[in-house]
Amino acid sequence: MSTSFTLQGETSGSAKRRPGWILALLALAQLIYSLDLNIVFVALPEIGSDLGFPGQTQQLVVSAYVVFAGGFLLFGGRAADLLGRRRIFVLALTLYAVSSLAGGLAGSPGVIIAARAIQGIGGALLLPATLSLINTLFAEGPQRNRALAVWGGAGASGLTLGALLGGVLTENFGWPAVFYVNVPLAGLVALAALYVVPRDSAQGPRRKFDFPGALSVTGGATLLVFALVEGPELGWGNPLVVGAFVLAAALLALFVVVEARSADPLMPFRLFRNRSLTVGMTVTFIYMATFGVLPYFLTVLMQSVHGYSALQTGLAFLIPSLAIATGTQLGERLATRIGNRGTLLIGFVVGVVGTAGLAFGFDAGAGYGLLVPGLIVSGVGQGIVWTAMWIASATGTAAHEQGIANGVTSTTLNIGNAIGLAIFTVIADIGTEGKTGQALRAATADGEFLVVLLTAAGMVAGLLVVLNLRPRSTAAPQDEEILATR
């Protein structure tokens, strides 16, 4: 099925002729964002060896990105609404390019961790800016559904393609290449956006940025993600982890108080009256706590249990990447024909079946062939849910608040992933203490078998949440204005 795109709210003839180019840039930006989440996984051993990272601290290269990306998403979403979506989009890509160059040139652990932290801030600005551009430029309904499917296909595939590209680059050019690849990609997309993406429209009445709210929620979210990410490494009773949890709770409580009293809040709580948004947020959390953790455990299985090289690991992710991309397109077609509720239900059912089957490939004596059926079926389910959950999150929200709505949903994306990994890595490590060699590999595979079954069980929770979505979730255009007022 082919779909011609038109832009919402654009009047210039030149703008109307380029929606395809705009969508291509937004999809490429999402691919860059998603690639960066996983591209360094397979390069971690080489980074640790070259820069002198002890094994237990190599995860900081990943954690620094996750912590700052998760902490700044609400800030990024509101900045897109108030300062201009194109401006924030270009700024985010510029941060990506500069920090990626610094990461590739890093000669010490401190430099590479700092570069990853700045990349995380760039990601926190990029994701909500990209989503709000899609949700304001493309009309709600089939046009937006199709645009989100194209964007989602790039993003969902990027989660697994990151491992493929990381393996190829690390094997052939060394670990700095996983950073350098972002420099021309992000730089070219940023430059192209200045010519292709419509200029930010003149804002209405001037609005305050709500700095107290921004500071409290950014600090609280950053500390929360830090505690969740570092808890498994440092220990849940570590004073640094406990202190981070306590301070995060205090700052987030302060944020609620500030927002309740603010005349122009960073995050208007009335947004949550939109059932589609609240269900979309919850589904996004469950998605990343279940589907979203699978690439990590697959990487551990392939490298630590089966001894795959970085290149072999990357190539092994090609099949799930294609399955996810297929699922995202199927998700758009289903959402347009039967609505988000039915689409999400189908996606989670397919995901449960595929992921449960995938678990039986997590065996120290099994080959890659035993993983393939589960990777395909689970990947299709993952792609269906990915597209439909973003459609649900965007439905019924006023255009001028798409940035903050997407920032909220994106925050649940990152926190869901952090909580999922925090819980499941602890479970996966049970029974591995003190073991080496073949015994360690067998114990690792057994722990991951249990984890993958538990992620399938978590997807069942997603089914229950989706039942609260109206049977056909498509808000009428006038609903946006109703939701924009108290």
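The values are calculated or read from the model by the stated rules, or taken from the named source; none is laboratory data. The model shown is predicted, which means the values in this text are computed figures rather than measured ones. All Cβ positions, even for glycine, are placed from backbone atoms using ideal geometry, and neighbour counts span all protein chains on display. SASA here: full protein model, heavy atoms, side chains in, ligands and nucleic acids out. Shrake-Rupley method; radii C 1.70, N 1.55, O 1.52, S 1.80 Å.
Things to note:
- Count of residues meeting criterion [free of Cβ contacts under 8 Å to residues at least 60 places away in the same chain and either among the charged types (D, E, K, R) or under 26 Å from F272 (Cα atoms) (or both)] in the range 221-245: 1
Each row is one residue, and each column tells you yes or no for (1) open to solvent by less than 10 Å² (accessible area, probe 1.4 Å); (2) closer than 16 Å to G381 by Cα; (3) part of a loop (DSSP other than H, G, I, E, B); (4) not small (G, A, S).
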position: L322; (1), (2), (3), (4): no, yes, no, yes
position: G327; (1), (2), (3), (4): yes, yes, no, no
position: R337; (1), (2), (3), (4): no, no, no, yes
position: L344; (1), (2), (3), (4): yes, yes, no, yes
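- For the range 422-429, the condition holds for no residue, the condition being that it is more than 23 Å from the chain's Cα centre (by Cα), surrounded by fewer than 18 Cβ atoms within 10 Å (Cβ to Cβ) and more than 23 Å from V229 (Cα to Cα).
- If the condition is being open to solvent by 30 Å² or more (accessible area, probe 1.4 Å), modelled with pLDDT of 80 or more and in a loop (DSSP other than H, G, I, E, B), then the range 192-227 contributes only R199.
- The helices (runs of 4 or more DSSP H) found wholly in the range 1-53 and carrying at least 1 residues that are modelled with pLDDT under 75 occupy 13-16, 19-38.
- Only listed residue being buried (at least 24 other Cβ atoms within 10 Å of the Cβ) and among the polar types (S, T, N, Q), chosen from Q59, Q119: Q119
- When restricted to residues that are closer than 10 Å to G403 by Cα and of a type in the set (K, R), the range 68-90 contains 2.
- Filter pass, T397 being farther than 21 Å from V42 by Cβ, part of a helix (DSSP H, G or I), at pLDDT below 90 and β-branched (V, I, T): no
- Boolean, G383 is of a type outside the set (V, I, T) and either part of a loop (DSSP other than H, G, I, E, B) or crowded, with 22+ Cβ neighbours inside 10 Å (or both): yes
Condition check ((1) surrounded by 23 or more Cβ atoms within 10 Å (Cβ to Cβ); (2) touching a strand residue (DSSP E or B) at 6+ places or on another chain (Cβ under 6 Å); (3) modelled with pLDDT under 85; (4) of a type in the set (D, E)) across all residues:
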position: V229; (1), (2), (3), (4): yes, no, yes, no
position: N238; (1), (2), (3), (4): no, no, no, no
position: L254; (1), (2), (3), (4): no, no, no, no
position: F269; (1), (2), (3), (4): no, no, yes, no
position: L294; (1), (2), (3), (4): yes, no, no, no
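- Matching residues in the range 127-177 - criterion: being at pLDDT below 80 and out of contact with any helix residue (DSSP H, G or I) (no Cβ under 6 Å at 6 or more places or on another chain): A139, E140, G141, L165
- Index of the failed condition, E259 passing every other in (1) at pLDDT 85 or above; (2) in contact with a Pro (Cβ under 8 Å, 6 or more places away or on another chain): (1)
- Any hit, the range 233-250, residues being touching a helix residue (DSSP H, G or I) at 6+ places or on another chain (Cβ under 6 Å) and under 28 Å from A392 (Cα atoms): no
Rundown of residues vs (1) at pLDDT below 75; (2) among the β-branched types (V, I, T); (3) within 18 Å of the chain's Cα centre (by Cα); (4) open to solvent by less than 10 Å² (accessible area, probe 1.4 Å), yes/no style:
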position: W390; (1), (2), (3), (4): no, no, yes, yes
position: G403; (1), (2), (3), (4): yes, no, yes, yes
position: G437; (1), (2), (3), (4): no, no, no, no
position: T474; (1), (2), (3), (4): yes, yes, no, no
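- The listed residue being farther than 17 Å from A289 by Cβ and either buried (at least 21 other Cβ atoms within 10 Å of the Cβ) or touching a residue at least 12 places away in the same chain (Cβ under 8 Å) (or both), out of T412, T395: T395
- Condition check for G361: touching a Pro at 6+ places or on another chain (Cβ under 8 Å) and open to solvent by less than 10 Å² (accessible area, probe 1.4 Å): no
- Verdict on T136 being in contact with a His (Cβ under 9 Å, 6 or more places away or on another chain) and of a type in the set (S, T, N, Q): yes
- Taking the criterion of being open to solvent by less than 20 Å² (accessible area, probe 1.4 Å) and either out of contact with any helix residue (DSSP H, G or I) (no Cβ under 9 Å at 6 or more places or on another chain) or within 20 Å of L131 (Cα to Cα) (or both), the residues of the range 26-56 that qualify are L26, A27, A29, Q30, I32, Y33, S34, L35, D36.
- Candidate set: the range 89-105, residues that are open to solvent by less than 10 Å² (accessible area, probe 1.4 Å) and in contact (Cβ under 8 Å) with a residue 24 or more places away in the chain; chosen: the one farthest from P212 (Cα to Cα): G104
- Taking (1) closer than 26 Å to M288 by Cβ; (2) over 17 Å from the mean Cα position of the chain (by Cα) in turn, S132 satisfies each apart from (2).
- Qualifying residue in the range 298-308 (condition: over 20 Å from A154 (Cβ atoms), open to solvent by less than 40 Å² (accessible area, probe 1.4 Å), in contact with a helix residue (DSSP H, G or I) (Cβ under 7 Å, 6 or more places away or on another chain) and outside any helix (DSSP H, G or I)): no
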